[in-house]
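> Below are the structure tokens for one structure; questions will follow.
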Ligand SMILES: [Zn+2]
């Protein structure tokens, strides 16, 4: 489908970038992105993916909006308290960009439903809030050969990576973290989290999703970006493929 006049205008600032262009914009419009978690990371990720014209957003979150979410979850307003996050998110996206179709899935992704929920997505963006879910999402995306952009936050720390662990030389999430599903979580309810940092990580995750779909710039797969907000410092480390990991054939 060629771009309409409205679309040429709406996406002009992307189309004019030679690394994206009309072809990249059409790829975005044709893409399906599954977003795990419509929280602090998911909020800006969903907003930037919708603004960029990702044609189909599959939003997966079973939570409702609570007052303590509003310190960082910028998709939601005070009047949304008590409503399903994915329903509110679908309304916000519809108001923002009619090119985007939202599949609002008010379920918690788990080992029994993950393959069904992720099948058909061109990319998975994980902004969930617990390690057990992260492992399930990572394993399923790897099994389905779907690139995974994974963003996580601690109190003042952020992590971001793109994983394509089915490739012979590319590590998977388990190459980084190991395989213990009972690893204790550091919950932001218990520990606190800097709200603007979740926004930074969600925006970075959206950027990497757009990179993966349009192919602009360098390939970040297998590198881990670390942000230390206390120290005003970022660094990138290369994650080797672990020969003992299940992804290594
Ligand atoms: Zn691995």
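Just so it is clear, none of the values below were taken in a lab; they were calculated from the coordinates. Since the model is a prediction, treat every value here as computed from it, not as a measurement. Heads up, the Cβs are rebuilt from the backbone with ideal geometry, glycines too, and the neighbour counts pull from every protein chain shown.
> Scan the helices (runs of 4 or more DSSP H) fully inside segment 1-73 and keep the ones with 1 or more residues being in contact with a strand residue (DSSP E or B) (Cβ under 7 Å, 6 or more places away or on another chain) and under 25 Å from residue 140 (Cα atoms).
Numbers: elements: 5-10, 12-15, 21-30, 42-51.
Output list reads 42-51.
> Going by what's in this entry, would residue 219 be described as without any contact (Cβ under 8 Å) to a residue 60 or more places away in the chain, over 18 Å from residue 37 (Cα atoms), more than 16 Å from the ligand (Cβ to nearest atom) and surrounded by fewer than 18 Cβ atoms within 10 Å (Cβ to Cβ)? Break it down into steps so the answer makes sense when it comes.
On the way: without any contact (Cβ under 8 Å) to a residue 60 or more places away in the chain: yes; over 18 Å from residue 37 (Cα atoms): yes; more than 16 Å from the ligand (Cβ to nearest atom): yes; surrounded by fewer than 18 Cβ atoms within 10 Å (Cβ to Cβ): yes.
Judged against the criteria, residue 219 is a match.
> To continue, here is another question. Hey, could you check segment 226-249 for residues that are part of a strand (DSSP E or B) and under 14 Å from residue 156 (Cα atoms) and say which is farthest from the ligand (Cβ to nearest atom)? Break it down into steps so the answer makes sense when it comes.
Our first condition is that a residue be part of a strand (DSSP E or B); within segment 226-249, this holds for 226-228, 233-238.
Next, only the ones that are under 14 Å from residue 156 (Cα atoms) stay: 226-228, 233-234.
On the way: 226: 19, 227: 23, 228: 25, 233: 27, 234: 24 Å.
So the residue we want is 233.
Here's the yes/no breakdown for (1) out of contact with any helix residue (DSSP H, G or I) (no Cβ under 8 Å at 6 or more places or on another chain); (2) under 30 Å from residue 228 (Cβ atoms); (3) in contact (Cβ under 8 Å) with a residue 40 or more places away in the chain:
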{"position": "64", "(1), (2), (3)": "no, no, no"}
{"position": "72", "(1), (2), (3)": "no, yes, yes"}
{"position": "79", "(1), (2), (3)": "yes, no, no"}
{"position": "109", "(1), (2), (3)": "no, yes, yes"}
{"position": "147", "(1), (2), (3)": "no, yes, yes"}
